């Protein structure tokens with residue numbers, strides 16, 4: 001159960017960042033804002049109503065924040081998404097031929113999905129060279145607009161001065177804690193050089209514990225490295 005919760009939590013981080021892309025921020029079929037479902041095998045982001053209609057056509061649907069996702073599925077979404085879907089399945093489509101159905105209009109949406117995916121009325125089969133180089137999860141996680149592991153070093157100062165202490169400096173006890181922040185930039189407080197080796201060792205141990213049973217270990221290793 002814990003592994004499932006971890007999978008959902010971590011895959012949701014990646015999915016929400018993908019959904020911030022303009023093309024993924026609206027439903028692939030009716031243009032409703034804020035789609036919360038994913039449709040396979042088309043790797044598209046769709047709204048609640050469209051997800052139900054896709055199920056009617058036996059298309060696999062997963063909910064963002066409630067379903068588990070494999071690394072392969074995440075890679076499929078990164079390589080695809082609503083932008084690639086539009087290039088392929090709406091290549092010969094125009095607004096005059098069949099306007100985007102309005103959000104909530106089930107009848108029009110069902111007709112649109114039927115023509116778009118089942119009959120492939122506007123589909124064009126592109127060669128691989130027609131698309132940008134395929135990205136992997138690891139590559140996407142290196143981009144600046146994606147979540148990062150935040151290391152916050154909490155310092156506890158010991159005010160007791162020791163006469164024989166070199167340069168009469170205060171001894172600092174540092175406690176490292178690793179947090180995941182989904183919305184903020186990386187916050188890293190710099191530490192004295194003498195502490196770096198000890199801190200890096202502690203971070204490595206903690207990260208290994210977190211990644212031990214993590215199906216997205218490669219993703220999180222890149223997140224940790226992208227500080």
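Look at residue 45 and say whether it is under 14 Å from the mean Cα position of the chain (by Cα), under 23 Å from residue 90 (Cβ atoms) and not in a helix (DSSP H, G or I). So residue 45 fits the description; yes. Residues in the range 48-56: is at least one under 11 Å from residue 81 (Cα atoms) and at pLDDT 95 or above? Within the range 48-56, none of the residues are under 11 Å from residue 81 (Cα atoms) and at pLDDT 95 or above.
Among the residues of the range 1-27, the ones that are within 20 Å of residue 83 (Cα to Cα) and not in a helix (DSSP H, G or I) come to 6 in all. Picking from residues in the range 48-64 that are assigned to a loop (DSSP other than H, G, I, E, B) and touching a residue at least 24 places away in the same chain (Cβ under 8 Å), the one that is surrounded by the fewest Cβ atoms within 10 Å (Cβ to Cβ) is 57. Check whether at least one residue in the range 117-134 is closer than 28 Å to residue 8 by Cβ and surrounded by fewer than 17 Cβ atoms within 10 Å (Cβ to Cβ), and report yes or no. Checked against the condition, which is being closer than 28 Å to residue 8 by Cβ and surrounded by fewer than 17 Cβ atoms within 10 Å (Cβ to Cβ), the range 117-134 yields at least one hit. Taken together, the criteria exclude residue 73 from residues that are more than 23 Å from residue 9 (Cβ to Cβ) and either surrounded by fewer than 17 Cβ atoms within 10 Å (Cβ to Cβ) or touching a helix residue (DSSP H, G or I) at 6+ places or on another chain (Cβ under 9 Å) (or both).
The values are calculated or read from the model by the stated rules, or taken from the named source; none is laboratory data. Computed from a predicted structure; not experimentally measured. Reconstructed Cβ throughout: ideal geometry from the backbone, glycine too, with neighbour counts over all protein chains shown.
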